[in-house]
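Since every read-out is calculated from the coordinates, none of them should be taken as a lab result. Since the structure is predicted, the reported quantities are computational estimates derived from the model, not experimental observations. No Cβ is skipped: glycine too gets one built from the backbone with ideal geometry, and neighbour counts run over all protein chains shown.
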Amino acid sequence: SLTDLANVLRHHLGREDLLDLAFEQLHELAEKLQDYFECKDMQAAYSVELGPRFIMLRLSPINVAKQCQQLFDAKTRWIFTSATLQVNRSLGHFATELGLSSAKQIILDSPFDYPNQAVFCVPRHLGKVGQSQHTVKQLVDVCVQAINAAQGRTFILFTSHQMLEQVASALQGKVAYPLLVQGQASKQSLLNKFRQLGNAVLLGTSSFWEGVDVRGKLLSCVIIDKLPFVSPDDALYKARAANAERQGLDPFSHISLPQAVISLKQGVGRLIRDEKDRGVLILCDNRIVNRAYGQAFINSLPPMQRTRDLDLALQFLKQIP
């Protein structure tokens, strides 16, 4: 149908700029859909992502390095910079993913005074992560205490839409601060409203883990429901895991863990945005403490003051004006 529509518009090219733009977009979209449905690329993973109000068809290369090698040449100099690239004090994962085996690497510490500006809390009393009613109740209880201590001014970041919806529903009537929930409006509209209100609570999933800059007293607390491991049923992960196994590599340590570390760092990065910010990060997932791989997360995070006592974290929040 899109191809037929593009063919109709083709006969009217040159009459109107917006019509010409619509033709180009339709033609491009039709080509992408054809590539997706024909499934001819054996070096790509095909997946369908279901959101609350969208369906995304994704075609992703299994090995990005092969495509990157077509870009890199001896005559061109490249510089890659990011606040979240290092994993366990190493840039090896990113370099390997792009096929940059001989690249010069340097890790520079942050100019922020994290030990004095921020507190990182993993509440001691939390049980096993999951989707059970008990888990939701525990998470909601932590959220209510933190929101009240911070007088709103809180981001609650989730790894799934299901948990977001359960917690959003449970928080209704339990806090006296405005609740802004992903899906109620566009991302930018929610962020603008968060800034305007000054005492709001924003609940969001992956799109709010990165590219969000709220500075100063407007944001004092970030709560993350659990470590952001990719689902083992994710089509792209399954394809890359199979590719890793063929090379004799462990998919968890070479793919799942580094990706989760980088994702967590992106979420954590919402809290401290400049030299004057102060705040509390609460991670409601004991695995970072009681699993061996948890040290990789801790080594990759900023050197915040750490505690397992929620009351100490709440006290720090209350002291932020």
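General observations
- Number of positions in segment 189-219 that are of a type in the set (D, E, K, R), closer than 20 Å to VAL280 by Cα and surrounded by 13 or more Cβ atoms within 10 Å (Cβ to Cβ): 3
- If only residues of segment 117-140 that are farther than 17 Å from ILE288 by Cα and surrounded by fewer than 17 Cβ atoms within 10 Å (Cβ to Cβ) are counted, the one that is nearest to the chain's Cα centre (by Cα) is GLN131.
- Among residues of segment 5-16 that are farther than 16 Å from GLU28 by Cβ and free of Cβ contacts under 8 Å to residues at least 12 places away in the same chain, those with a Cβ under 9 angstrom from a residue that is of a type in the set (Asp, Glu) and surrounded by 11 or more Cβ atoms within 10 Å (Cβ to Cβ), sequence gap 6+ or separate chain, pair up as HIS12/ASP20; GLY14/ASP20.
- Screening segment 26-39 for residues that are farther than 30 Å from GLY204 by Cα and either in contact (Cβ under 8 Å) with a residue 60 or more places away in the chain or of a type outside the set (A, V, I, L, M) (or both) and picking the one that is surrounded by the most Cβ atoms within 10 Å (Cβ to Cβ) gives HIS27.
- Of all the residues in segment 96-116, those that are hydrophobic (A, V, I, L, M, F, W, C), surrounded by 13 or more Cβ atoms within 10 Å (Cβ to Cβ) and under 18 Å from ASN299 (Cα atoms) number 1.
- The set of residues from segment 177-188 being assigned to a loop (DSSP other than H, G, I, E, B), touching a residue at least 12 places away in the same chain (Cβ under 8 Å) and surrounded by fewer than 16 Cβ atoms within 10 Å (Cβ to Cβ) comprises just one member, PRO178.
- Positions within segment 230-265 being within 21 Å of LEU283 (Cα to Cα) and buried (at least 19 other Cβ atoms within 10 Å of the Cβ), in sequence order: SER256, LEU257, PRO258, ALA260, VAL261, ILE262, SER263, LEU264, LYS265
- Inter-residue pairs, beta-carbon under 6 Å, first within 17 Å of ARG240 (Cα to Cα) and in contact (Cβ under 8 Å) with a residue 60 or more places away in the chain and in segment 40-54, second among the hydrophobic types (A, V, I, L, M, F, W, C) and assigned to a loop (DSSP other than H, G, I, E, B), 6+ apart: ALA45/ILE62; TYR46/CYS39
- Entry remark, segment 130-168: residues being closer than 22 Å to LEU312 by Cβ, touching a residue at least 12 places away in the same chain (Cβ under 8 Å) and not polar (S, T, N, Q) number 14 in total.
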